[in-house]
1. Based on what the data block shows, is residue B:38 in contact with a helix residue (DSSP H, G or I) (Cβ under 9 Å, 6 or more places away or on another chain) and on the phi < 0 side of the Ramachandran plot?
2. Scan segment A:125-146 for residues that are more than 9 Å from every other protein chain (Cβ to nearest Cβ) and surrounded by fewer than 22 Cβ atoms within 10 Å (Cβ to Cβ) and report the count.
3. If we keep just the residues of segment A:124-144 that are hydrophobic (A, V, I, L, M, F, W, C) and in a loop (DSSP other than H, G, I, E, B), which is nearest to the chain's Cα centre (by Cα)?
4. In the set A:248, A:269, A:240, A:257, which member is touching a residue at least 40 places away in the same chain (Cβ under 8 Å), β-branched (Val, Ile, Thr) and outside any loop (DSSP other than H, G, I, E, B)?
5. With B:76, B:2 as the choices, which residue is at pLDDT 95 or above, of a type in the set (S, T, N, Q), loosely packed, with under 12 Cβ neighbours inside 10 Å and more than 20 Å from the chain's Cα centre (by Cα)?
6. Quick check on my filter: what residues within segment B:20-44 are closer than 30 Å to residue B:108 by Cα and touching an Asp or Glu at 6+ places or on another chain (Cβ under 8 Å)?
7. Provide a single number: the residues in segment B:273-305 that are part of a helix (DSSP H, G or I), surrounded by fewer than 21 Cβ atoms within 10 Å (Cβ to Cβ) and either at positive phi or of a type in the set (Gly, Ala, Ser) (or both).
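The values are calculated or read from the model by the stated rules, or taken from the named source; none is laboratory data. Please read all numbers here as calculations on a predicted model, not as lab measurements. Every residue, glycine among them, receives a Cβ derived from its backbone with ideal geometry; neighbour counts consider all protein chains shown.
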Number of protein chains: 2
Amino acid sequence: MSDEGAKLIDGKKIADDIHKELRQELTEWVEQGHRIPSLIAVLVGEDPASEKYVSNKMIAAKKIGIKSQTIRMPVSTSEEELLKKIDELNNDSDVDGILIQLPVPEHISERKVCQAVDPRKDVDGFHLTNIGKLTCNLDTFVPCTALGVIELLKRSHIKTFGKNVVVCGRSKNVGLPMTLLLHSDYRNELPGHEATVIMCHRNTPPEELTFFAKRADIIISATGVVNLIKPEMVKPGACIIDVGITRITTPEGKSKIVGDVDFEGCRRIAGHITPVPGGVGPMTVAMLMVNTLKAAKKLAEVKNGCSDH
Amino acid sequence: MSDEGAKLIDGKKIADDIHKELRQELTEWVEQGHRIPSLIAVLVGEDPASEKYVSNKMIAAKKIGIKSQTIRMPVSTSEEELLKKIDELNNDSDVDGILIQLPVPEHISERKVCQAVDPRKDVDGFHLTNIGKLTCNLDTFVPCTALGVIELLKRSHIKTFGKNVVVCGRSKNVGLPMTLLLHSDYRNELPGHEATVIMCHRNTPPEELTFFAKRADIIISATGVVNLIKPEMVKPGACIIDVGITRITTPEGKSKIVGDVDFEGCRRIAGHITPVPGGVGPMTVAMLMVNTLKAAKKLAEVKNGCSDH
């Protein structure tokens, strides 16, 4: 830790590095005679945040050389129509990764939609079989944000073995997969991280959260609660990963994206910290690309009959 | 807490109560015109501990009135033969619950075997789809020991909401499902328990385990490490659930079953404590019966076309 405070973990830079590596990997893959990997995003309705997320994913895919396409469906789309579209994509041998941008409109069951995607093309890792595999530390598609945080820690040389990690938030797509990865035994198919994990959430009393956070070597916050993590909760030298994304209006009337962490306060105490934006966000996109390339390679193996399935 | 120390949680008594309730439930079910629910155990090889476990399960089934049978296969059984037998049982409409007693001999893949059981008959809750559902807090067959601990807590009026729970051990059949149940949100299909869960394991440093255990309202130990939980680690009034089962030889040369907890030392500090044997063990068996009756009812629904699947 320098006098300036915590070392900034630059998620944008790390994501860019990964994009370059993936571009190289993809080039070699295609040179071996395989077709270009492809990713399809399905966007139902016109939520502006979803538009932005999907657009970022498509830009990254293009940069890497992944063939990508966004299928837009009106908000009035029925569940049946969406399931039919997913089925078409499942059966399309030119498609490697399928991503249904969540949330879907309320009249459509999110669980049914996630469950309809072929587990082999489920680059978001939301199919129950893939969630079961993750829980058992079997090789699978790990949800992108959780995988992105692991990659940030790895590339920033933050050790997890035997360390205390407080995870705030228990969402099925971020907080929970995070704890599943971090506590895991290294003697399994997925790399294990061997941390002691403290799972905190909205019903953890504030004084208990503070008690545990002060003992943590790593704090990961994925709650959407602005200013949840305050400097007095942080152990000197700890690593803080901020997964929160909340749009606020400043006193000057400007719109601004902030995380869960009192960044200015905590950076004086922490050893490492991620900014918002530019921390975890770009990593989510990069991991979607990792998963897409992985899907393409696995599907090609199956086609060539060299899979163990 | 009386002067005598912790209140003993009598798992045998609670399991007996549950057996009586299940017997009543089964009688009503059969009176409604349904056939008697059935449970098949498959035992490969002749491990004496496995023999004993299966025999206990069959005795409980008989007491409740569940039709039960143990299929014995020699240790030389091939994986293919076992998978074929499971397939037969999956397709037998007279079978509701299938239980493959673990461990299977080393030449057989445990994961393949668990994955071969029809998820609707998977009364152990080891199929990946069922594990995925548990992880998402969707209604499913919860692994019996973890479910049994929850039931012990409930019937002993131990509150979990907002409490600190240390879970020692992260096995896929006990420790991990335990944490999945205890930390869960109540706004889901499965009942949520809303505890802050601290996941400890072999790579949690001893001083950290002590630090967290002393803050715990509930300590659940499922490690097989004798005397892991010592009195100086326990907060006065805490509840201690001992899932460990280790056979030791006493200095007098007698064989004896013990748990993970220094029982005599900890009972002076704790508010509630389970003995070993007679604590969690009988509950595992009782929950297998709960799951079998549940499987029978769900399968009957499907047959009558009133399922939502």
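1. Spelling it out, residue B:38 is indeed in contact with a helix residue (DSSP H, G or I) (Cβ under 9 Å, 6 or more places away or on another chain) and on the phi < 0 side of the Ramachandran plot.
2. Of the residues in that region, 1 qualify.
3. Among residues in segment A:124-144 that are hydrophobic (A, V, I, L, M, F, W, C) and in a loop (DSSP other than H, G, I, E, B), the one nearest to the chain's Cα centre (by Cα) is A:142.
4. Just one listed residue meets the conditions, A:240.
5. After ruling out the rest, the residue left standing is B:76.
6. Within segment B:20-44, B:37, B:38, B:39, B:43 meet the criteria.
7. Total meeting the criteria: 1.
Yes/no per residue for (1) closer than 22 Å to residue A:97 by Cα; (2) within 15 Å of the chain's Cα centre (by Cα):
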residue: A:147; (1), (2): yes, yes
residue: A:150; (1), (2): yes, yes
residue: A:153; (1), (2): no, yes
residue: A:157; (1), (2): no, no
residue: A:165; (1), (2): no, no
residue: A:173; (1), (2): yes, yes
residue: A:180; (1), (2): no, yes
residue: A:183; (1), (2): no, no
residue: A:187; (1), (2): no, no
